[in-house]
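Asks: This structure is in C-alpha cells; I'll ask about it shortly.
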Amino acid sequence: MTWRPNAGVEIARARASMIRRARRYFDDQDVLEVFTPALSRNTVTDPNIDSVVASVNNSRYYLHTSPEYRMKQLLAAGFPDIYQVCRVFRNAESGRWHQQEFTMIEWYRRGYDLDSIAADAMRLITGLLDSRPLEPPKKISYSDAFKKKYSIDPLTAPIAELVDIAVADDALQQSIGDNRDAWLDLVFADRISPHFEDDRLTVIYHYPASQAALARRCPQDPEFADRFEIYLGAIELANGFVELTDADEQLTRFEKDRMQRVTDGKPEIAIDPGLIDALRAGLPECAGVALGLDRLLMIAEGLNDITEVMTFTPGGSRGR
C-alpha cells in the first residue's frame, strides 16, 4: 500500500510539538521568526554540497540547501536576532539519517561568541530531547579528538598516515587523492565520531581553517575556525559558526570552492552576489546554528530511519 504515509498521526503530532517548543524557545527570548525563499537564482559553492536544480520559465534556479545567505542579508539590513524553521534540499544519496528534503531550524544571534552560541544550541537540543535524559555534554577541540584517538595532529599528519587510519582501498585513494580535508572528514566520520557516547552531547570545536566555510578564523589562532558541531553518539545534530564578516575573505573562499568543484568534475556555480554585497554593507558580529529537526525527532521517538519521521519522502512512500 504505497499510497499510505510513512509516519502516522502520532509522529506527526510529535513533530508539531517539537516545532512548537522550538518556536517557544526563541519567542521567549524575542528572537524574530523570519521566512525567506526556498527558490533562488544562486546557490552555495561548497564542493561538498550539491544543490537541487529547478527550471522556472526556462531559467535555472536552485532549491536552497540552507536559508543562511538570505538570513545574513536580513541581519545586514538591521534585523535583530532571527530564526527560521524551513524545508531545505540537497542533491545527495538518501540513507538512514539522510533525505534529499528535510527540515532545518536555523538561527542567528548578534554579538554571540563561540561558547555562547554552542551553549545556546545545547539548551535548545536538550530541551527538545527532554524525554531522553542526557549526561552533561562533553567539549573537545577538533585537534584534540584526533590526538586522543590516534596521537596525530590533523593539521600536519602525513596524508599517507590518514590513508592508513581510514583503511582506504585503491579506488578510494584514487578518488580522494591528496585532498587533506577529504581524508580528515573520512577519518573523523568513520574512525572518531562512532566512539562518541550515545547518552551525551559531544561538542567538537575549532575546526581547521581550511574547513571554515562561512565561519571566521579564530582570533587567537588563525589556523583554526570559530566553528563547532554537536553530536549525539555518532550523529551530527547541529553545525554552528561565529560568522565571517569580511567580504573579501569570503569571496576568496568562494573562488577556492569553485576551483575545487572544477577539480572534482562538478558543475561550476556562480558566486551569490547578494551575500557578498551584504557583507560589504556590513554584517554585524553574529553567530549562527543550523539544526536538523528530523534527526532530533528520530532520536526523541527512538526510531531507526529518517523516513519513519516523514509522512512522505521524495522517493515516495514505503507504505504502512
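The values are calculated or read from the model by the stated rules, or taken from the named source; none is laboratory data. Keep in mind that what you see is a predicted model, and the values were worked out from it rather than measured. Using ideal geometry, Cβ is built from the backbone for each residue, glycine included, and neighbour counts are taken over all protein chains shown.
Asks: When only residues in the stretch 246-277 that are among the aliphatic types (A, V, I, L, M), in a helix (DSSP H, G or I) and touching a residue at least 12 places away in the same chain (Cβ under 8 Å) count, which is surrounded by the most Cβ atoms within 10 Å (Cβ to Cβ)?
Replies: Looking at the filtered set, the residue picked out is Leu275.
Asks: Yes or no: Ala14 over 25 Å from Asp272 (Cβ atoms) and surrounded by 13 or more Cβ atoms within 10 Å (Cβ to Cβ)?
Replies: In short, yes.
Asks: If the Cβ limit is 7 Å and pairs must be 6+ apart or interchain, which residue in the stretch 58-73 that is touching a residue at least 24 places away in the same chain (Cβ under 8 Å) pairs with which residue that is part of a helix (DSSP H, G or I)?
Replies: Partner pairs satisfying both residue conditions: Tyr69/Gly274; Tyr69/Leu275; Lys72/Leu275; Lys72/Ala278; Gln73/Gly274; Gln73/Leu275; Gln73/Ala278.
Condition check ((1) modelled with pLDDT of 95 or more; (2) farther than 21 Å from Arg295 by Cβ) across all residues:
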{"position": "Arg4", "(1), (2)": "no, yes"}
{"position": "Arg15", "(1), (2)": "yes, no"}
{"position": "Met18", "(1), (2)": "yes, no"}
{"position": "Asp30", "(1), (2)": "yes, yes"}
{"position": "Ala38", "(1), (2)": "yes, no"}
{"position": "Glu68", "(1), (2)": "yes, no"}
{"position": "Gln73", "(1), (2)": "yes, yes"}
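Asks: In addition: Within the stretch 206-224, count every residue that is under 15 Å from the mean Cα position of the chain (by Cα) and without any contact (Cβ under 8 Å) to a residue 60 or more places away in the chain.
Replies: Qualifying residue count for the region: 3.
Asks: Exactly one condition in (1) out of contact with any helix residue (DSSP H, G or I) (no Cβ under 7 Å at 6 or more places or on another chain); (2) within 18 Å of Pro314 (Cα to Cα); (3) in contact (Cβ under 8 Å) with a residue 40 or more places away in the chain is not met by Val53; state its number.
Replies: Every listed condition holds for Val53 apart from (3).
Asks: Of these, Ala145, Ala189, which one is at pLDDT 95 or above, loosely packed, with under 15 Cβ neighbours inside 10 Å and either under 18 Å from Ala234 (Cβ atoms) or not hydroxyl-bearing (Ser, Thr, Tyr) (or both)?
Replies: Ala189
Asks: Okay, next question. Taking the options Pro137, Pro194, Pro154, name whichever one is modelled with pLDDT of 95 or more, within 30 Å of Ala247 (Cβ to Cβ) and either touching a Pro at 6+ places or on another chain (Cβ under 7 Å) or surrounded by fewer than 19 Cβ atoms within 10 Å (Cβ to Cβ) (or both).
Replies: Pro154
Asks: Go through the residues of the stretch 61-78 one by one and say whether even a single one is crowded, with 18+ Cβ neighbours inside 10 Å, in a loop (DSSP other than H, G, I, E, B) and among the charged types (D, E, K, R).
Replies: Within the stretch 61-78 (the criterion being crowded, with 18+ Cβ neighbours inside 10 Å, in a loop (DSSP other than H, G, I, E, B) and among the charged types (D, E, K, R)), the answer is no, since none of the residues qualifies.
Asks: Could you figure out which of (1) under 14 Å from Cys286 (Cβ atoms); (2) in contact (Cβ under 8 Å) with a residue 12 or more places away in the chain; (3) surrounded by fewer than 21 Cβ atoms within 10 Å (Cβ to Cβ) isn't true of Asp46?
Replies: Only one criterion in (1) under 14 Å from Cys286 (Cβ atoms); (2) in contact (Cβ under 8 Å) with a residue 12 or more places away in the chain; (3) surrounded by fewer than 21 Cβ atoms within 10 Å (Cβ to Cβ) is unmet by Asp46, namely (1).
Asks: Any idea how many residues of the stretch 197-211 are over 14 Å from Val242 (Cα atoms) and in a helix (DSSP H, G or I)?
Replies: Qualifying residue count for the region: 1.
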